[in-house]
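All remarks here apply to the structure that follows.
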Amino acid sequence: MSDYLHDFFDIPSDLQHSWIGLVGLHLREALLPVAAGLLLALPIAQLCVRFRWLYPPVLSVTTVLYAIPSLAFFVVLIDYTGQTELTVMIPLAVYSLVVLVPAIVDGVRSVSEETLAAATAMGFGPLRRYFQVQLPIAVPAIIAGLRVATVSSISLVSVGMLIGNQGALGNLLHDAQIYNRPELTWNSVITTALLAILVDALLVLVRVLLTPWMPNGTARRKPAPALEDAAR
Amino acid sequence: MESVTKRYPDGTVAVDRLSLEIPDRSITVLVGPSGCGKTTTLRMINRMVEPSEGTILLDGEDIQRQPVTTLRRSMGYVIQNAGLFQHRTIVDNIATVPRMLGWGKQKARARAAELMERVGLDAALAKRYPYQLSGGQQQRVGVARALAADPPVLLMDEPFSAVDPVVRKGLQDELLRIQDELGKTIVFVTHDIDEAIKLGTMVAVMRTGGHLAQYAPPAELLSSPADTFVEDFLGGDRGIRRLSFFPSGRLELTTGPVIPLDATAEQIAAPTPLPPGDRRGRQTARLERAARPDGRGHQAGPAPVPRATVRPGTDSLRVALDCAVLSPTGWAVAVDTDGRVTGVVSQQTIGEAIRSAHAAGRDDERDDEKVAG
Ligand SMILES: Nc1ncnc2c1ncn2[C@@H]1O[C@H](COP(=O)(O)OP(=O)(O)O)[C@@H](O)[C@H]1O
Ligand SMILES: [Mg+2]
């Protein structure tokens with residue numbers, strides 16, 4: 001048994017990383033693109049909210065980009081960015097847009113007409129209104145989008161093995177074949193799945209911490225019923 | 001407002017050459033059917049909608065002159081469903097405008113706490129979020145938030161129409177009380193004519209297409225509607241409702257037997273008239289007040305036949321008539337402010353009072369005509 005465990009975590013030297021090293025690399029290659037995607041998606045989504053006609057074409061473009069196979073992206077990018085992590089991360093960032101843009105647009109649009117009117121009437125300018133009202137209220141929708149984007153990004157990183165071992169945990173799949181060591185396949189699959197579950201749980205935690213004002217998030221902690229008007 | 005017109009880009013004329021003089025420190029109500037341009041009119045006052053033609057003057061100065069955010073922060077705005085910030089606590093919601101005006105956190109929160117008390121909210125609610133409050137409570141928070149920076153003007157767009165009638169009545173009474181204390185200039189939009197008549201010092205009835213149908217104090221609206229549209233809009237019972245504006249102070253009281261509601265058979269068989277000021281009479285009145293159908297008293301214990309009392313001077317002829325009609329004997333029981341019985345009054349006497357009040361009203365109108373002619 002301990003032999004098997006030893007083999008399980010014995011990473012071939014051609015990968016130049018320990019198991020922990022691969023996990024760190026995997027996380028970096030998966031999460032940086034989502035972060036970049038979020039930074040890109042925020043202004044795009046805001047434009048779509050302001051100019052309604054922009055939203056359908058933007059949605060079509062992100063969907064078409066999502067439909068391009070990563071391999072095709074790599075072929076094009078390799079001329080510019082070479083066999084590097086960047087070549088893996090750029091397509092992942094682009095893919096994340098297909099989830100993040102609609103998530104932010106829906107979130108921002110979910111702010112009720114009354115709340116917006118109230119904010120305007122109180123003298124909020126458009127910028128202040130966006131950052132202090134619309135964006136905070138969109139947080140649950142944005143995090144829901146982030147959960148889908150990160151999980152899919154974590155699983156997609158593995159295809160990076162196709163361009164000179166840039167697939168982090170995915171490279172184990174390749175090595176499993178050439179060294180005929182099936183336990184490395186298991187390692188890759190299980191570790192990737194665990195990472196996805198862990199990151200997802202972290203995002204849920206962030207959501208709960210950021211939104212104490214959500215009915216579901218606090219109902220557990222504050223069971224006290226609202227005082228009724230009649231009680232006065 | 002001077003001859004203000006609003007034409008939306010799609011060609012809809014929401015408000016058509018509207019001229020209104022809104023008096024300071026009183027409640028002016030805009031009332032009319034849905035879609036007649038009330039919201040548009042209100043929003044032109046804080047420039048959430050810019051008029052296509054005409055000017056709006058505030059204290060003699062064109063509202064276009066000052067920066068739009070300054071103007072808005074000097075006007076409280078309350079809307080249907082309150083429009084609270086769901087992601088902020090109640091106290092932070094109320095402190096919004098003071099914070100934007102640069103108040104310190106402590107000062108703004110202290111002010112918010114003060115306002116919560118003013119609008120009748122329990123201080124324990126301060127740290128809650130809007131979803132934890134009932135509709136009526138949220139609406140109170142909306143009013144408190146609008147009052148936070150002590151603006152001279154308050155704009156209210158159907159603020160109470162989404163809550164149930166009992167809560168609405170409470171909110172209306174509260175608004176009148178706050179207005180007594182603070183003396184704001186309030187422009188209040190509603191589609192409910194009863195609410196308009198109850199709250200308004202002046203009432204502007206609007207008709208579809210953004211036309212002003214009549215602009216008058218509520219009593220005048222009820223006594224002399226300008227046209228059939230206003231008359232229809234006022235609905236039935238116009239005569240009875242108008243009695244609300246006639247005081248009952250001049251009713252002549254007579255002494256008569258008043259029997260406690262919980263009287264035993266012997267007491268009724270040997271009715272000892274309770275002289276005015278009698279302690280037992282006071283209990284009687286208390287009991288009767290407990291059963292007042294308008295809900296001003298609390299239901300205390302098992303209340304027998306609902307019967308009401310009238311407080312001459314405080315209540316209107318409408319209340320007096322109501323009491324007389326509800327009374328099994330047709331006599332209304334009058335009490336003083338402490339609830340002591342001061343006498344009784346018959347339906348006939350009330351009828352005479354109504355006739356003389358009408359006559360006085362007509363004389364006033366004739367005098368007006370003379371002056372005008
Ligand atoms: N932004 C807008 N664009 C075009 N038409 C509008 C707009 N807002 C309101 N209207 C129209 O103007 C008229 C008056 O609307 P509104 O002022 O909201 O009425 P009310 O508040 O009395 O119900 C309605 O016919 C409505 O359809
Ligand atoms: Mg309206």
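Here the condition is being in a loop (DSSP other than H, G, I, E, B) and either closer than 20 Å to B:Arg73 by Cβ or in the same structural domain as B:Val230 (by TED's automatic domain parsing) (or both); of B:Ala162, B:Ala124, it holds for B:Ala162 alone. Is it the case that region B:209-216 has a residue that's open to solvent by 30 Å² or more (accessible area, probe 1.4 Å), free of Cβ contacts under 8 Å to residues at least 40 places away in the same chain and more than 16 Å from ligand 2 (Cβ to nearest atom)? Checked against the condition, which is being open to solvent by 30 Å² or more (accessible area, probe 1.4 Å), free of Cβ contacts under 8 Å to residues at least 40 places away in the same chain and more than 16 Å from ligand 2 (Cβ to nearest atom), region B:209-216 yields no hits at all. Scanning region A:40-87 for residues that are closer than 27 Å to A:Met161 by Cβ and among the aromatic types (Phe, Trp, Tyr) returns A:Tyr66, A:Phe73, A:Phe74, A:Tyr80.
Every residue, every condition in (1) out of contact with any strand residue (DSSP E or B) (no Cβ under 6 Å at 6 or more places or on another chain); (2) away from every other protein chain (no Cβ under 12 Å), yes or no:
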| residue | (1), (2) |
| --- | --- |
| B:Ala113 | yes, yes |
| B:Val119 | yes, no |
| B:Gln132 | yes, no |
| B:Arg140 | yes, no |
| B:Asp150 | yes, yes |
| B:Met156 | no, no |
| B:Ala162 | yes, no |
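Residue selection: B:Arg43 satisfies the criterion of being among the charged types (D, E, K, R), open to solvent by 50 Å² or more (accessible area, probe 1.4 Å), within 27 Å of B:Ile197 (Cα to Cα) and within 16 Å of ligand 1 (Cβ to nearest atom). The residues of region B:55-90 that are part of a helix (DSSP H, G or I) and open to solvent by 10 Å² or more (accessible area, probe 1.4 Å), listed by number, are B:Gln64, B:Arg65, B:Val68, B:Thr69, B:Thr70, B:Arg72, B:Arg73. Taken over region B:350-373, residues that are over 14 Å from B:Val310 (Cα atoms) and either modelled with pLDDT of 75 or more or touching a Ser or Thr at 6+ places or on another chain (Cβ under 8 Å) (or both) amount to 12.
Counting only helices (runs of 4 or more DSSP H) wholly contained in region A:109-226, the ones carrying 3 or more residues that are away from chain B (no Cβ under 14 Å) and surrounded by 13 or more Cβ atoms within 10 Å (Cβ to Cβ) occupy A:135-156, A:171-178, A:182-210.
The values are calculated or read from the model by the stated rules, or taken from the named source; none is laboratory data. Computed from a predicted model, the values in this text were never measured in an experiment. Positions of Cβ are backbone-derived with ideal geometry, glycine not excepted, and every protein chain shown enters the neighbour counts. Side chains are part of the model used for accessible areas, which takes the heavy atoms of the whole protein and leaves out ligands, DNA and RNA. Shrake-Rupley method; radii C 1.70, N 1.55, O 1.52, S 1.80 Å.
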